[in-house]
Amino acid sequence: MSERKRTGVVVVGSINMDMVAHGMRLPAPGETLVGQQFVMAPGGKGANQAVAAARLGAQVAFVARVGTREHGPALLRALADEGIACEGVVRDGQALPGIAVIMVASEGGENAIVYVPGSNAELSPDDVAASKDALQTAAVVVAQLEVPVPAIAEAFALARATGATTVLNAAPALKVPEALLGLSDWLVLNETEAAQLSGLAGAREAAQALLQRGPRTVVVTLGAEGVLLADAGGRLEHLPAQAVQAVDTVGAGDTFVGGLATGLAEGRSAAEALRLGQAAAAIAVSRSGVQSAMPRRAELGAAFAPRA
Ligand code: ADP
C-alpha cells in the first residue's frame, strides 16, 4: 500500500442537464400543452453525489466525460462553483452532454422522462486511467451505473490497488457483472434495485444474498424507513430515518450516498457514516429540487461536525 495519506472522495459517474417543464397534466401523444414553468438544472447521479459530498465538506474530484456542445460549459461551471476538482473530467468537443427532458404534471406530480446519455455513454477505461493518481490517493471512490461498466471497473481496480474504499451505488436498476461486485467494498442500492439484482423480494434476504457476491458491506435504502446494513461479519441492522415532512424525495439516494462517502472519507465507522448520509438526505427531502436541496455541513448540527 502507498505510504501517502489517502484523503477525499473521487466520484466516477454521469452528469447531465435536467430540463424540466411543468404543465397541469402530462400531454397526450401528439398534443401540445401550454406549461406554467420551466427549470433547467444540472443533474446525473454522478454529479449529484459529487455535489452532495462537496457540500458536506469532503474534498471531491469528479471523473467523467462531458460533451462541450450546447449545455456542456454550463455543466462544467456548475461543478467548479461547488469546489469540485475537475482535472479528471474529459472534455469532448464532438459530443453532446447528457440531457434529461422531464415533464411534470402539477396536478398529481406524475412525470415522464426522456434521458439521452450523450457523452456519459462514451466514458472509457482510458479516460478513467488518466485519473490514476487521484483514484489511488483518494480515501473513497464512488460510482453508479449511468456510465459504462468497464470504466467503473477500471476505477475500482486502480483504487483497490492502494487500499482505497470502493462504493458502488447500483442505480439505476441494471444487471451488474459479478466481477464488478467483486471490486466493490460497499454496495448501496434501494429496495427496487436490490430486488432486481438479487432476484429476492425482501430487503433482508436480498442484502444477505448480495453479500455472498463480493461486497463486504451491503446497504439497502428504504426511503422514509431508513436503511438496512448487512456486512460480511454477520451484522444485520436497521437504522431508522429521521422523521421529516418530505416535500420532494427525488435525489434522496444521491444525497445519502454523498453523505456516506463523506463520512467514510473522514474515517468514521460504518454506522456513523450511514447516519451522516441519512441526516443529509432527511434535510434534502424536506426541500424541493435535487442539487439545490442538498444541505451544507453546518446544517446538520453539532452532532455531525466535520473531523480533521
Ligand atoms: P432512492 O432515492 O435511491 O430511491 P431512498 O428513497 O431509499 O433512495 O432514500 C435514500 C435515503 O434517504 C433513505 O435511506 C433515507 O435515509 C433518506 N430518505 C428518503 N426518503 C425519506 C423521507 N421521506 N424521510 C426521511 N428520510 C428519507
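The values are calculated or read from the model by the stated rules, or taken from the named source; none is laboratory data. Bear in mind that the values here come from a model prediction, so they are computed numbers and not experimental data. We place every Cβ from the backbone using ideal geometry, glycine too, and count neighbours over all the protein chains shown.
Within region 191-201, is there a residue that is within 15 Å of the ligand (Cβ to nearest atom), within 23 Å of Gly263 (Cα to Cα) and either surrounded by fewer than 23 Cβ atoms within 10 Å (Cβ to Cβ) or β-branched (Val, Ile, Thr) (or both)?
Looking through region 191-201, at least one residue is within 15 Å of the ligand (Cβ to nearest atom), within 23 Å of Gly263 (Cα to Cα) and either surrounded by fewer than 23 Cβ atoms within 10 Å (Cβ to Cβ) or β-branched (Val, Ile, Thr) (or both).
Do we have Gln208 as away from the ligand (no atom under 15 Å from the Cβ), touching a residue at least 12 places away in the same chain (Cβ under 8 Å) and more than 20 Å from the chain's Cα centre (by Cα) here? Let's see the steps before the verdict.
Numbers: away from the ligand (no atom under 15 Å from the Cβ): yes; touching a residue at least 12 places away in the same chain (Cβ under 8 Å): yes; more than 20 Å from the chain's Cα centre (by Cα): yes.
Yes.
With the checklist (1) assigned to a helix (DSSP H, G or I); (2) closer than 23 Å to Arg6 by Cα; (3) at pLDDT below 95; (4) not β-branched (Val, Ile, Thr) in hand, flag the one item Arg307 doesn't pass.
Only one criterion in (1) assigned to a helix (DSSP H, G or I); (2) closer than 23 Å to Arg6 by Cα; (3) at pLDDT below 95; (4) not β-branched (Val, Ile, Thr) is unmet by Arg307, namely (1).
Filter region 284-304 for residues that are closer than 28 Å to Val104 by Cα and assigned to a helix (DSSP H, G or I); which is nearest to the ligand (Cβ to nearest atom)?
Of region 284-304, the ones closer than 28 Å to Val104 by Cα are 284-296.
Adding the requirement that they be assigned to a helix (DSSP H, G or I) leaves 284-285, 291-293.
On the way: Ala284: 8, Val285: 5, Gln291: 14, Ser292: 16, Ala293: 12 Å.
The extreme case among them is Val285.
Scanning for something buried (at least 24 other Cβ atoms within 10 Å of the Cβ) and at pLDDT 95 or above, does region 25-43 turn up at least one residue?
Of all residues in region 25-43, those buried (at least 24 other Cβ atoms within 10 Å of the Cβ) come to 42-43.
Narrowing further to those that are at pLDDT 95 or above: 42-43.
Checked against the condition, which is being buried (at least 24 other Cβ atoms within 10 Å of the Cβ) and at pLDDT 95 or above, region 25-43 yields at least one hit.
Can you give me the number of residues within region 290-304 that are exposed (fewer than 15 other Cβ atoms within 10 Å of the Cβ), of a type outside the set (Lys, Arg) and in contact (Cβ under 8 Å) with a residue 60 or more places away in the chain?
Start the filter on region 290-304 by keeping residues that are exposed (fewer than 15 other Cβ atoms within 10 Å of the Cβ), which leaves 292, 296, 298-299, 301-303.
Of the ones still in play, those that are also of a type outside the set (Lys, Arg) are 292, 298-299, 301-303.
Add one more test, that the residue is in contact (Cβ under 8 Å) with a residue 60 or more places away in the chain, and what stays is 292.
So the count comes out to 1.
If I filter region 167-184 down to residues being within 13 Å of the chain's Cα centre (by Cα) and under 22 Å from Ala270 (Cα atoms), which single residue comes out as surrounded by the fewest Cβ atoms within 10 Å (Cβ to Cβ)?
Ala171
Output the helices (runs of 4 or more DSSP H) that fall wholly within region 88-185 and possess 1 or more residues being touching a Leu at 6+ places or on another chain (Cβ under 6 Å) and not hydroxyl-bearing (Ser, Thr, Tyr), or say none.
Values: elements: 125-129, 132-137, 149-161, 178-182.
It comes to 132-137, 149-161.
From the list Ala153, Ala105, pick out the single residue that is among the small types (Gly, Ala, Ser) and under 18 Å from the mean Cα position of the chain (by Cα).
Working: Ala105 fails: under 18 Å from the mean Cα position of the chain (by Cα).
Testing whether each residue is among the small types (Gly, Ala, Ser) and under 18 Å from the mean Cα position of the chain (by Cα) leaves just Ala153.
So which of Ile113, Ile99 is at pLDDT below 95 and aliphatic (A, V, I, L, M)? If you could, list the steps in order and put the result at the bottom.
On the way: Ile99 fails: at pLDDT below 95.
The match here is Ile113.
Among residues belonging to region 252-283 that are touching a residue at least 40 places away in the same chain (Cβ under 8 Å) and out of contact with any strand residue (DSSP E or B) (no Cβ under 9 Å at 6 or more places or on another chain), point out the one that is nearest to the ligand (Cβ to nearest atom).
So, considering only residues that are touching a residue at least 40 places away in the same chain (Cβ under 8 Å) and out of contact with any strand residue (DSSP E or B) (no Cβ under 9 Å at 6 or more places or on another chain), the one nearest to the ligand (Cβ to nearest atom) is Ala282.
How many residues, within region 216-228, are under 24 Å from Glu110 (Cβ atoms), near the ligand (Cβ under 6 Å from one of its atoms) and surrounded by fewer than 22 Cβ atoms within 10 Å (Cβ to Cβ)? Let's see the steps before the verdict.
Quick first cut of region 216-228, residues under 24 Å from Glu110 (Cβ atoms) only: 221-225.
If we keep only those that are near the ligand (Cβ under 6 Å from one of its atoms) too, we end up with 221-224.
Narrowing further to those that are surrounded by fewer than 22 Cβ atoms within 10 Å (Cβ to Cβ): 222-224.
The qualifying residues number 3.
Please go through region 64-87 and give me each residue that is in a helix (DSSP H, G or I) and at pLDDT below 95, ordered by number. Can you show your working first?
Taking region 64-87 and keeping what is in a helix (DSSP H, G or I), we get 72-81.
Those that are in a helix (DSSP H, G or I) and at pLDDT below 95: none in region 64-87.
If a residue must be surrounded by fewer than 19 Cβ atoms within 10 Å (Cβ to Cβ) and in contact with a Gly (Cβ under 6 Å, 6 or more places away or on another chain), how many such residues does region 229-271 contain?
2
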